[in-house]
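Below is one structure, written out as structure tokens, with a few remarks after it.
The values are calculated or read from the model by the stated rules, or taken from the named source; none is laboratory data. Everything numeric here is computed off the predicted structure, so don't read it as measured data. Using ideal geometry, Cβ is built from the backbone for each residue, glycine included, and neighbour counts are taken over all protein chains shown. Only protein heavy atoms, including side chains, enter the accessible area calculation; ligands, DNA and RNA are left aside. Shrake-Rupley method; radii C 1.70, N 1.55, O 1.52, S 1.80 Å.
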Amino acid sequence: YRLDQYRHRYPHCWRCGTPLVFRLVDEWYISMGPLYDQPREQLTREQVDASLRYQIMEVVDRIRWIPGFGHERELDWLRTMQDWMISKKRYWGLALPIYPCEACGTVAVMGGREELRARAVEGWEGLEGHTAHRPHIDEVKIACRVCGAPVSRIADVGNPWLDAGIVPFSTLHYREDPAYWQKWFPADFITESFPGQFRNWFYSLLAMSTVLRREPPFRTILGYATLFGEDGRPMHKSSGNLVEFDEAAERMGVDVMRWMYAKQRPEDNILFGYHTADEARRELLVLWNVFAFFVTYARSAGWDPSDAFAPAISERPVLDRWILSRTAGLAAEVRASLEAFEPRLAAAALARHIDELSTWYLRRSRRRFSRAAEPAEHASAFATLHDALLQLARVLAPVLPFLSEHLHQVLAVGIVDAARDSVHLTRWPDQELAPYRDATLEEGMATLLRAVELGRTLRGQAGIRVRQPLARLWLALPGGALAGSLNGARADELVGLLGDELNVREVELIGDESGLVKRRVKPLLPVIGPRLGHQIPAVMAAARADEVEYLPDGGVRLAGVTLSADEVEILATPLPGTAVAHHQGVVVVIDTTITDELLIEGHARELQRALQDLRRDAGLAIADRIEAWVEADEAILARLDPYLASIAQETNAALVHQGPAPAGAARGRLELEGRPVIVGLRRCDPLD
Ligand SMILES: [Zn+2]
Ligand SMILES: [Zn+2]
């Protein structure tokens, strides 16, 4: 024979790298019982009672698993697992209370310290004053019940999952105080990252509870995937994607971090890092900006909820009633999601609400916060937004405890009568807010928002910016109404919002769009050819000549021949000067003709926007009065002249001069009809 060198794999300690030796040893197991070769539902009670694994499965069935696949994974583990190995060859750990007699083979298992003391024949004094761990426990010997020989404990200690699994009993004093245990058992909820736990923690809890009680140790379990770096790789210092918790909390903020987790689908790995945190922060900034807007305007207006007049909610504009109704719905929805252990659904509802609050409620209400607004509308706007933010803070509190507390402190404490010291001491607001609910109004607004989307799409496709006013919009609604019983003044008010948002002077409700589109019919030759034969040339000629009768069932009549809906294609093209869009029964048609009057009004809006931007860039407060200048060629100035008074009012300007701004004024520039326009402004001297 001969000796050769072979390269081969060899086991090493994963922690320190020391080469390991495999050694065959005896271990202790808990029998999981037989695995039957038949479906579970066909098993007899005797079969189940004879096999622990099936008893555990019955307990597993009674638990709510989130995500749902956890149920099947646990069952799969129970079907495939071997007997449960519970011993370990270590010194420290749970001392297994197993006493096998070497003389006759009888095995005794001690049920507790008292039983051990009663059966001890030597060494008890060594254990006195110590917990039941090595080395003291091993001084105690018992007498074999069969042959009387002294018996020592086995040297092994227990697998740590034994300790973990018995917690619902050991920490709840199952043996010493059953009434106390009964009060708390089972747990409502447990949660842990699921990789590995179906065969460790979850399993050991289930096994212990099944053996002792045949009852679920917990009602609901939320298992979640793991955390990776934002590059999708496991976090490691060497990969450069490791984020330490303390540093992350400091840099991204703990509420931003909570928001990332709350929004996460639990079964997906979370990709954690500063870029993903920035995305989460951007959503919260939307809320922060609404809050900052409110605080700025309330301070500027000297608004105070304790002495401000606020119209009854039923008297407020439709937008106010809508956002309060949405807030009430949010409180109910978030409650239901949290009670169902679905924080992701709660976070999604909160995110949607924040978006609606900012991009619809506040966007359409901004003007009502200005000094120029009509007093009742002004008062309604402040009272409503204040209320909406306060209630939102309460609903946000479980998910964003710090941001919500800040809102509460600023908006409520010391300002609202009987305000609680902390948002976390307030009651959940759903009952209180329930009277705000108005399902019909919400449904109508949802329909209206579909029309808004269509209108925005049409403007975009036509290349007409939103600041350019348009003369007319036609709106057709499913069933002829925004919502079932929504009509009259409330419906008119809603439709008015559409005109404001899309910057259209007039919105006209129509039954359908047939009067506003040019329809053409295209007979489908391969379909009608075999049926019509020699009639084809006449039918095609009538179609080309547009000599067509449209039938209510979607078919047409051409040259005296009736074609069904599936024999033709009907092409609808908007009439010249219009654009049309459909979605779920809502049809929007806009008049794209821009008259000179509309054009110059658009210019006025551009000019107003430029002055507002300049005010902001110059760091002026909302209350600061300004003097403004507009420098442009004579022709444009003359056409803009009729609009300057309203621009002055909207920009809080005492005066808008025509001509170049003096030295020291802030300056900005825009272009109208391809020609430069220079705007300038400065704060009025308070002495003026
Ligand atoms: Zn090692
Ligand atoms: Zn014996």
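Structural remarks
- Helix 201-213 vs. the chain, principal-axis angle (Cα, 0 to 90°, nearest 10): 60
- Modelled FRET efficiency - R0 22 Å, K183 with H133, Cβ distances, 0.05 increments: 0.15
- When peptides 491-503, 29-41, 461-473 are sorted by average Cβ neighbour count within 10 Å, with the highest value leading, the order is 491-503, 461-473, 29-41.
- Solvent-accessible surface of the stretch 175-313, averaged per residue with a 1.4 angstrom probe and all protein chains in place: 55 square angstrom.
- Per-residue accessible area (protein heavy atoms, 1.4 Å probe) orders W184, W28, W474, W259 as W184, W28, W474, W259, starting from the largest.
- Taking all protein chains as shown and a probe of 1.4 angstrom, H424 keeps an accessible surface of around 100 Å².
- For the stretch 118-138 and the stretch 409-486, distance of Cα centres in Å: 73
- Accessible-area rank, largest first, for T447, T440: T440, T447, with all protein chains present and a 1.4 angstrom probe.
- For D546, net neighbour charge (Lys/Arg +1, Asp/Glu -1) across residues whose Cβ lies under 14 Å away: +4
- Accessible area, probe 1.4 Å, largest first, for residues K518, K141, K183: K183, K518, K141
- Converting phi to 3J(HN,Hα) with the Karplus coefficients 6.51, -1.76 and 1.60 and the offset θ = phi - 60°, the stretch 561-572 yields 9, 8, 10, 7, 4, 8, 9, 9, 10, 10, 9, 9 Hz in sequence order, with x at every glycine or proline.
- Given charges at Cβ of Lys, Arg, Asp, Glu: the stretch 8-75 dipole, positive-most of I56, L24, P11: P11
- Only protein atoms count toward the accessible area here, which uses a 1.4 Å probe; on the stretch 596-683, the carbon and sulfur part of that area reaches 48 percent.
- Under 11 Å, Cβ to Cβ, from A653 - net charge with Lys/Arg +1 and Asp/Glu -1: +1
- Remark: the A635-D617 segment gains 3.6 nm on full extension, using 0.36 nm per residue and subtracting the alpha carbon distance.
- Accessible surface of the stretch 449-534 [probe 1.4 Å, protein heavy atoms]: carbon and sulfur percent: 53
- Packing-based ranking of 660-668, 477-485, 50-58 yields 50-58, 477-485, 660-668, ordered from highest to lowest mean Cβ neighbour count within 10 Å.
- The charge dipole of the stretch 275-437, taken about its Cα centre with unit charges on the Cβ of Lys, Arg, Asp and Glu (plus for the first two, minus for the last two), comes to roughly 400 debye.
- Against the main long axis of the alpha-carbon atoms of the chain, helix 69-80 sits at an angle near 20°.
- Comparing T573, L477, P305 along the charge dipole axis of the chain, the residue lying farthest to the positive side is T573, per the Cβ-charge model.
- Rounded to the nearest 20, the Cβ-based charge dipole of the stretch 87-158 about its Cα centre (Lys and Arg +1, Asp and Glu -1) stands at 280 debye.
- Note on D61 and H275: with the Förster distance fixed at 45 Å, the Cβ-Cβ geometry gives a FRET efficiency of about 0.60.
- Each label point was placed 7 Å from the Cα along the Cα-to-Cβ direction; for L655 and Q409 their separation is 4.6 nm.
- Protection proxy ranking for 534-542, 332-340, using the average of other Cβ atoms within 10 Å per residue and placing the highest first: 332-340, 534-542.
- R0 of 41 Å, Cβ-Cβ distance D500-E671: FRET efficiency to nearest 0.05: 0.95
- Segment L3-S152, length gained on full extension (0.36 nm per residue, minus Cα span): 48.9 nm
- Helix-derived mean residue ellipticity, 222 nm - over the chain, DSSP H n ≥ 4, -39500 (n - 2.57), to 500: -12500 deg cm²/dmol
- Modelled this way, with points 7 Å down the Cα-to-C-beta line, the labels at E46 and D512 are 7.3 nm from one another.
- By definition, a body whose alpha carbon gyration tensor gives a ≥ b ≥ c is prolate when a/c is 1.5 or more and a/b is larger than b/c, and the stretch 615-688 fits this prolate description.
- Charge dipole magnitude, Cβ of K and R +1, D and E -1 - the chain, Cα centre, debye nearest 20: 1600
- Beta bridge orientation in the chain: antiparallel %, DSSP, nearest 5: 70
- Accessible area per residue, Å², the stretch 333-403 with all protein chains present, probe 1.4 Å: 38
- In nm, spacing of pseudo-spin labels at F402 and E125 (7 Å Cα→C-beta vector): 6.0
- The C-alpha atoms of the chain occupy a region whose extents along the principal axes are 118, 92, 69 Å, arranged from largest to smallest.
- Where the stretch 596-683 is the region considered: accessible area per residue in Å², 1.4 Å probe: 50
- Under-5 Å amide H pairs with A108, H placed in peptide plane, nonlocal only: Y99, C101
- On Cα atoms only, tilt of 274-301 relative to the major axis of the chain in degrees: 50
- Charge context of G414, other residues only, Cβ under 13 angstrom, K/R +1, D/E -1: -2
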